[in-house]
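The values are calculated or read from the model by the stated rules, or taken from the named source; none is laboratory data. This one's a predicted model, so the numbers in the text were calculated from it and none came from an experiment. No Cβ is skipped: glycine too gets one built from the backbone with ideal geometry, and neighbour counts run over all protein chains shown.
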Amino acid sequence: MILVTGAAGFIGSNFVLDWLAQSDEPVVNLDLLTYAGNLENLASLENDTRHHFVKGDIGDFELLSKLLADHKPRAVVNFAAESHVDRSIHGPEDFIQTNIVGTFHLLEAVRAYWNDLADEAKSNFRFLHVSTDEVYGSLGKDSPAFAETHRYEPNSPYSASKAASDHLVRAYHHTYSLPVLTTNCSNNYGPYHFPEKLIPLVIHNALAGKPLPIYGDGQQIRDWLYVKDHCSAIRRVLEAGRVGEVYNVGGWNEKPNLDVVHTLCAILDELSPRADGNAYKEQITYVKDRPGHDRRYAIDASKIERELGWKPAETFETGIRKTVQWYLDNQVWVSNVTSGAYKNWVGKQYGA
């Protein structure tokens, strides 16, 4: 049994689906179901007894303690986080509460549970914290990619809150010997991505005939990681990662944002042409850059490949085509999450 927090969100739900596709080990799924948490992502598991969903907050120490005592997981994988930079700029308090205070309460509950385990279970237990490359700050155009030893220099309330949570996890290992693992990933994309981030937003807006907004000159560079590759990396780190270590997870796919948008437009031109025969790139518009926008992120994923034998299975070209096709094939899901209709589905199916 493993406990996965934030497992109704984008990456978390993909992780649970992949986990149960490859293993019969049950999953307890704890998620507060905020705007980006959606049980429709996990509809295929509705009658699967290996998946036990609990609506709740990682900041709820009593609930966490009860879940840990009742289910006795051998590992906790923490995806739970507020994760959108723009939202953190306009409303940072939620990020502080969830990413810092929530992680603290989760660590406290896990520490108490771990201390009470028998010796063998105690030595085998793991707490895996999922974080981001944004904690490292911004890279110059020709600077080496972020390695695990790179100094933390967060530039947004979101990245600062994630950096603080990373430091808490590290401190609980060094102070209390809690067996932790941390992963810092690059930008994820793929199925079940709430359409506020660049790739799903561009697909959604393009098909709706809306403008495709580009911040500044569109030359901000990101390393892109297909979400199912990220899930396989987390499984590998949980399986064989060295306690107390950090592993950077990247796709080796540095792309300027504008190039990503042009690629999406070209794939959509091929797979779902506009009715008027014009190209989707005509919908591109440029908007004022956001405050403190980091210019470049890039992950050096050589440590996880060298030590654990992991590397991504998808190139950007294969992963992005799969992603566009998934959104085209799942327009009902897109319509539900953008309209809020999925909340009725959740209430009907799960009594939330």
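What the table shows:
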item	result
Top-ranked residue of segment 1-10 - restricted to ones that are closer than 21 Å to L64 by Cβ and crowded, with 24+ Cβ neighbours inside 10 Å, ranked as farthest from the chain's Cα centre (by Cα)	L3
Residue identified as under 30 Å from W310 (Cβ atoms), out of contact with any Gly (no Cβ under 9 Å at 6 or more places or on another chain) and hydrophobic (A, V, I, L, M, F, W, C) among L201, L212	L201
Single match in T98, T103 (criterion: at pLDDT below 95, surrounded by 22 or more Cβ atoms within 10 Å (Cβ to Cβ), outside any loop (DSSP other than H, G, I, E, B) and not hydrophobic (A, V, I, L, M, F, W, C))	T98
Pair list, Cβ < 6 Å and 6+ apart or interchain, from segment 19-42 residues that are without any contact (Cβ under 8 Å) to a residue 60 or more places away in the chain to residues that are surrounded by 16 or more Cβ atoms within 10 Å (Cβ to Cβ) and of a type in the set (D, E, K, R)	L32/D57; G37/D31
Residue in segment 170-183 that is crowded, with 18+ Cβ neighbours inside 10 Å, closer than 21 Å to D94 by Cα and either under 18 Å from the mean Cα position of the chain (by Cα) or of a type in the set (V, I, T) (or both) present	no
Selection within segment 150-201 - at pLDDT 95 or above, under 23 Å from H293 (Cα atoms) and among the hydrophobic types (A, V, I, L, M, F, W, C)	A160, A163, A164, C185, I199
Some residue of segment 271-291 being at pLDDT 95 or above, farther than 18 Å from E196 by Cα, of a type in the set (D, E) and buried (at least 18 other Cβ atoms within 10 Å of the Cβ)	no
So N253, is it in contact with a strand residue (DSSP E or B) (Cβ under 7 Å, 6 or more places away or on another chain), at pLDDT 95 or above, within 25 Å of L128 (Cα to Cα) and buried (at least 23 other Cβ atoms within 10 Å of the Cβ)	no
Verdict on V110 being touching a residue at least 24 places away in the same chain (Cβ under 8 Å), β-branched (V, I, T), within 30 Å of A69 (Cα to Cα) and part of a helix (DSSP H, G or I)	yes
Of all residues in segment 33-56 being assigned to a loop (DSSP other than H, G, I, E, B) and modelled with pLDDT of 95 or more, the one that is farthest from Q22 (Cα to Cα)	G56
Residue among A145, A121, A160, A112 that alone is over 17 Å from the mean Cα position of the chain (by Cα), of a type in the set (A, V, I, L, M, F, W, C) and crowded, with 16+ Cβ neighbours inside 10 Å	A145
Residue list for segment 76-90, filter: of a type outside the set (D, E) and part of a loop (DSSP other than H, G, I, E, B)	F79, A80, A81, S83, H84
Those residues of segment 118-154 which are of a type in the set (K, R), in contact with a Lys or Arg (Cβ under 9 Å, 6 or more places away or on another chain) and in a loop (DSSP other than H, G, I, E, B), in sequence order	K141
Residues of segment 15-47 satisfying the condition of being out of contact with any helix residue (DSSP H, G or I) (no Cβ under 6 Å at 6 or more places or on another chain), surrounded by 13 or more Cβ atoms within 10 Å (Cβ to Cβ) and of a type in the set (D, E, K, R)	E25, D31
Boolean, A171 is touching a residue at least 60 places away in the same chain (Cβ under 8 Å), closer than 24 Å to L106 by Cα and not in a strand (DSSP E or B)	no
Every pair of residues 6+ apart whose Cβ atoms lie under 7 Å, when the first sits in segment 86-103 and is within 20 Å of P195 (Cα to Cα) while the second is modelled with pLDDT of 95 or more and in a helix (DSSP H, G or I)	F95/S161
